[in-house]
Amino acid sequence: MRRLFVALEIPRPISSNLINLKTPIPGARWVDERNLHLTLQFLGEVENDRVDELIDVLEEIQTDYFSLRLYDVGHFGSRTAPRVLWVNVEKSLALQELQSEVESLLDKNGFSIEKRKFVPHVTIARLKETHYEDLVNFTMENSLFSTEQFEITHFHLYESKLSSEGPTYTKLRTFELY
């Protein structure tokens, strides 16, 4: 079994801008710059003998390239148990269409997919026992954060391996947009 997801890579210097947001927040475990991404679809555990089929399905996607911009910061989780610190993604019809096509093709071909509503974001830190007041301060200080637009010319199939030091992501295949 392989733990897989489909995502967009965040290019440099955009990822460098995200890393510059890193500040001392108790309980925050900041995502390494090389692991920054925008998940299109998390598949979870996939049988080894289905990975080639998965790649064939993703190669069917023929979508135009597009631009994105990141802005603002926020968090997921409750006031008493915040879990993730993220950067928002500017609304993009092209991004929504790409994600929808990925989800639809995977579902149609019998791959188990997350059924949660797609909320485009880039996770910048995972939180454990972080005080809500620290997040409020961080979000207020960074509420005007914004990146330049950047081109999305491809997406990737990644494998995720979990360890005590955090996840390691490996690109298994790159899929070009036209």
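What to note about this one:
- Cα centroid of the stretch 47-82 to Cα centroid of the stretch 145-176, whole Å: 9
- Axial C-alpha extent at least 15 Å, average Kyte-Doolittle at least -1.0 - helices from the chain (DSSP): 93-108
- Neighbour-limited loop hits for trypsin sites (Lys or Arg not before Pro), the stretch 26-76 (at most 15 other Cβ within 10 Å; DSSP other than H, G, I, E, B): R69
- Neighbour cut-off at most 12 other Cβ (10 Å), DSSP loop, GluC sites (Glu not before Pro), the stretch 124-173: E129, E148, E165
- When F150, F138, F155 are sorted by how many other C-beta atoms sit within 10 angstrom of their C-beta, beginning with the fewest, the order is F150, F138, F155.
- The charge dipole of the chain, taken about the Cα centre with unit charges on the Cβ atoms of Lys, Arg (+1) and Asp, Glu (-1), comes to about 700 debye, rounded to the nearest 20.
- Here's the picture: charge each Lys and Arg Cβ at +1 and each Asp and Glu Cβ at -1 in the stretch 89-158, and of L105, F118, F150 the one pushed furthest to the positive end of that dipole is L105.
- Those trypsin sites (Lys or Arg not before Pro) in the stretch 100-131 that DSSP places in a loop and that have at most 15 other beta carbons within 10 Å: K115, R116, K117, K128
- Projecting the Cα atoms of L95, L172, I10 onto the charge dipole of the chain (Cβ charges, centred on the Cα centre) puts I10 farthest toward the positive pole.
- Three-way shape label, the chain, alpha-carbon gyration tensor, a/c 1.5: prolate
Every number here is computed from the coordinates shown, using simple stated rules; none is lab data. Values in this document were obtained by computation on a predicted structure and should not be read as measured data. Don't worry about glycine lacking a Cβ; one is built from the backbone with ideal geometry, like all the others, and counts go over all protein chains shown.
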